[in-house]
Structure formats: structure tokens, C-alpha cells
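Inspection log for the structure reproduced underneath, given as C-alpha cells.
The values are calculated or read from the model by the stated rules, or taken from the named source; none is laboratory data. Keep in mind the model is a prediction, meaning the values are calculated, not measured. Note that we place each Cβ from the backbone using ideal geometry, even for glycine, and neighbour counts take in every protein chain shown.
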Amino acid sequence: MMKILVTGGAGYIGSHTLIEIINAGFEPVVYDNLSNSSPVAIERVEQIVGQNINFIKGDILDKELLRKVFAEHTFFAVIHFAGLKAVGESVSKPLKYYQNNVIGTINVLEVMKEFGVKNFIFSSSATVYGNPRSLPIYESFERSCTNPYGQSKLMIEYVLEDVCRAQVDFNAISLRYFNPIGADESGTIGEDPSDIPNNLMPYISQVAVGRLEKLSVFGDDYDTIDGTGVRDYIHVVDLAKGHLKALEYLANHKQTGFLPINLGTGHGTSVLQLVNAFIKTTGQKVPYVIAPRRVGDIASCYANADKAKTLLGWVAQYDIERMCIDTWRWQSNNPNGYN
Ligand code: NAD
Ligand code: UFG
């Protein structure tokens, strides 16, 4: 069985990815400092897959512990989810983000090099495209960023490109996620923001469950179908399957170099379209008000996802309705998340 180090595996996307790779016969070793996740997520995944998971509570800033883990296990690849992701916080605490995301990733890469591990799958983001010159967004578009979080993702991509150039047998697939929402169909794992949610879908579902009073729709005067912001929402289970496809691609290709790949559906959905789909599929009330634009937001963002299809044989399967139903199953069964 191929062993995979999964950093950040207790988090939202990581926990869903564990299910896919375990069911496909890979053996994950999860490495997470639990700074933004709960150990209960791992227990729930164990229940879903019916087996125990090797979990290590550890920080990617702790290089000695990383070395110890690499000495104990022979890894085929690292799937690197560990990172901080709150855009607003990154603006007020840039050093924390560069330290954790950039230095942390360099630590992982250095220890991989020491132990001869050559396959890396990175959690990148559509944020590396900045404000795209046109839509849909192709992987070849130029990259730019407007906040330290995005900048940390971009810097890591540059590091990976240079490492791949310097070491020809090192492979790095940079998966550029669009907007992940939804949850496993069991309703036992899902997104559980530790604070008031920054992102739209967890905000909607917390309003619906009564934890928050009303949604603020940030701007209704964008040049979009109804004036509200348009994004490419993708079911987290589809995203998780994309990681499995990337692992399988690495298992079948000796030399890929730096490979950026969009993981999106190719379809844009506006804020109000998502709110209305949620209301319609769940029967819940979601009171909202129109508020000013949020600083740093762009009007529209959606992927061209052809590269993932051609190279990985991956296409997103789930539609917006399913994303809403699965989000609501998780939120209504776990009104306070993992607590
Ligand atoms: P998450 O916060 O749920 O998961 C990240 C995990 O990493 C958490 O479990 C956290 O405890 C862990 N972690 C953070 N710093 C660590 C450190 N120093 N050492 C060890 N573990 C650490 O977030 P997520 O939504 O699952 O995102 C996973 C990755 O995907 C992140 O790198 C994020 O930036 C990226 N991403 C997320 C989105 C999104 O909208 N959710 C979009 C694009 C990219
Ligand atoms: N929105 C609201 N009200 C809210 C929250 C969001 O109207 O309370 C709107 C935003 O203005 C935007 C849309 O909903 O039009 C989506 O916003 P999210 O915050 O859910 O997602 P973003 O596209 O802004 O951000 C996401 C990730 C970031 C990543 C970025 C770019 O959260 O980490 O995509 O890929 F950097």
C-alpha cells in the first residue's frame, strides 16, 4: 500500500480527501496541528471508512517532528493542505501567514528532499489569478495577488516551480481550487469555521440554522447577471476526488514537473442564485440585506476546467442543488459544528 503524508488532513478539504484516498487503497498518515480543526473530524472519517487512521498532532513549523515522521514511514507522496486561509486576518497578521504557509511549506519540501520523497500535491487557489483579464480562467493566465494570503500561495507556487527546475525528478501538482462548499453525504463531516464565517456558504447555513441573524450580500451593483458576485462553487467531494486523480496521475507518470491545474466546475453562480438555491432545496429561511461591496472582492471568477479533464480524467459531478442539500445535512445535524 502506498503511504501518503496528508498535512492539514483534519481540516475541511483534507478530511473529505482522506475518504477518497483510503477507499482507493492509499494509506494516509495525517499531520495536523489542529489550529483550525477538531480531532473529532478524524474520528468521523474513521467511522465513514471503517478503519483507523494514523494521526500525528504536529506542526509543519516543527522540522524535527517532520523528520521523525519521514524516518518512520516511506511516503510515495505528500498532499499538503496545511495552511492558514483567512484573507482578512492575513492582512492584519502578514508575518503569521508568511511564516506558517511559506516557511511551513519550505520545511516540508526540505524534509521531503532529505528523505528522497518526490511527489507533492499542493492546495493552491483561484486567488493566484487576482482580477482575471477575461473569463473563464485558464491555468496559463498571469498571476497576481492583492493580500498576504494570496501572496503566500503565489510564493509557494514560485518555490515549487524552482524546485522542479532544479530537481528534474521532483513532481508538483498545484491544484488551484475555486470555491469549495458542501459536505460528505453522511452529514457527519463538513466545514466548521472557528469564528464568524468569512465565506458565503457557511454564513448562509449558519443563518439558516439560527446561529446568525441575517446574511449581508456584499454589493449588488457588479457587472453580473443580477449585480451580485459570481463564483465557481465546487462540491468538496468533487474536489477530494480531484486529489485522488492527481495521486493516480503521479503514480503513472515519472516526470510531471510543476503542473498547475484548476479544480472548478466551469460554471459561475451569483450570491443571490446560491441563496435562492439554498432556500429552495432546504425549505429554510435565509434573511438577507444588501450591503456595500467587500474590499478586495472581484465581480466574477470561474474556471476553465478542461486541463483537469484532459490530464487527470476528472470532471466535477455535483450540481449547486446537491451542494446546498449536503451543506444543510451537515449544518442541521451539527448546529455547532464539531463542538
Ligand atoms: P482548513 O483550515 O479546514 O484546513 C487546514 C488544516 O491545516 C487545518 O486542519 C489546520 O489545523 C491545519 N494547519 C494549519 N497550519 C498548520 C501548521 N502550521 N501545521 C500543521 N497543520 C496546520 O482549510 P481548508 O478549507 O480545508 O483548506 C485546505 C487548504 O486549501 C489550505 O491550504 C487552504 O489555503 C487551501 N484552499 C482553501 C480554499 C477554501 O475556500 N476552503 C480555497 C483555496 C485553497
Ligand atoms: N459574500 C457575501 N456575503 C458574505 C460572504 C461572501 O455577499 O457574508 C459574497 C462575496 O462578496 C463573493 C461571494 O460571496 O461575491 C463569495 O465569497 P467567499 O468569501 O465565499 O469566497 P471568495 O471567492 O471571496 O474567496 C474564496 C476563498 C479565498 C480565496 C478566494 C479566491 O475563501 O480563500 O476564494 O479563490 F482566496
The correct count of residues that are buried (at least 21 other Cβ atoms within 10 Å of the Cβ) and within 16 Å of ligand 1 (Cβ to nearest atom) in segment 133-175 is 12
Does any residue of segment 232-247 turn out to be more than 10 Å from ligand 2 (Cβ to nearest atom), in a strand (DSSP E or B) and either surrounded by fewer than 20 Cβ atoms within 10 Å (Cβ to Cβ) or of a type in the set (Val, Ile, Thr) (or both)? yes
Phe115 versus (1) in contact with a Ser or Thr (Cβ under 7 Å, 6 or more places away or on another chain); (2) within 23 Å of Lys3 (Cβ to Cβ); (3) not aliphatic (A, V, I, L, M): which is the lone unmet condition? (1)
Which is of a type in the set (A, V, I, L, M, F, W, C), surrounded by 22 or more Cβ atoms within 10 Å (Cβ to Cβ) and on the phi < 0 side of the Ramachandran plot, of Ile48, Ile42? Ile42
Contacts under 8 angstrom Cβ, first residue in segment 267-279 being without any contact (Cβ under 8 Å) to a residue 40 or more places away in the chain and in a helix (DSSP H, G or I), partner surrounded by fewer than 19 Cβ atoms within 10 Å (Cβ to Cβ) and among the basic types (Lys, Arg), 6 or more apart: Ile279/Lys285
Tell me which residues, restricted to segment 319-339, are surrounded by fewer than 19 Cβ atoms within 10 Å (Cβ to Cβ) and in contact with a strand residue (DSSP E or B) (Cβ under 9 Å, 6 or more places away or on another chain). Asp319, Arg322
Of all residues in segment 123-154, how many are hydroxyl-bearing (Ser, Thr, Tyr) and free of Cβ contacts under 8 Å to residues at least 24 places away in the same chain? 3
Among the listed residues Asp162, Asp169, Asp195, identify the single one that is modelled with pLDDT under 95 and away from ligand 2 (no atom under 12 Å from the Cβ). Asp195
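Let's see how each residue does on (1) in a helix (DSSP H, G or I); (2) under 29 Å from Gly264 (Cα atoms):
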site: Val69; (1), (2): yes, no
site: Ile106; (1), (2): yes, yes
site: Ile121; (1), (2): no, yes
site: Val128; (1), (2): yes, yes
Those residues of segment 279-307 which are under 28 Å from Tyr149 (Cα atoms) and more than 16 Å from ligand 2 (Cβ to nearest atom), in sequence order: Asp306, Lys307
Does at least one position in segment 266-274 carry a residue that is polar (S, T, N, Q), modelled with pLDDT of 95 or more and under 26 Å from Lys153 (Cβ atoms)? yes
Segment 2-62: strands (runs of 3 or more DSSP E) wholly inside it with 1 or more residues that are in contact with a Lys or Arg (Cβ under 8 Å, 6 or more places away or on another chain), among the charged types (D, E, K, R) and within 16 Å of ligand 2 (Cβ to nearest atom) are none
Write out, first by first residue and then by second, each pair whose Cβ atoms fall under 6 Å of each other, whose residues are 6+ apart or on separate chains, and whose first residue, in segment 104-122, is touching a residue at least 60 places away in the same chain (Cβ under 8 Å) while the second is among the hydrophobic types (A, V, I, L, M, F, W, C) and assigned to a loop (DSSP other than H, G, I, E, B). Val108/Ile60
What number of residues within segment 176-220 satisfy the criterion of being without any contact (Cβ under 8 Å) to a residue 40 or more places away in the chain and more than 16 Å from ligand 1 (Cβ to nearest atom)? 1
Can you give me the ranges of the strands (runs of 3 or more DSSP E) entirely in segment 171-224 with at least 1 residues that are within 23 Å of Glu321 (Cβ to Cβ) and of a type in the set (A, V, I, L, M, F, W, C)? 179-181, 215-218
Restricted to segment 252-286 and to residues being under 22 Å from the mean Cα position of the chain (by Cα) and among the aliphatic types (A, V, I, L, M), the residue farthest from Gln317 (Cα to Cα) is Leu259
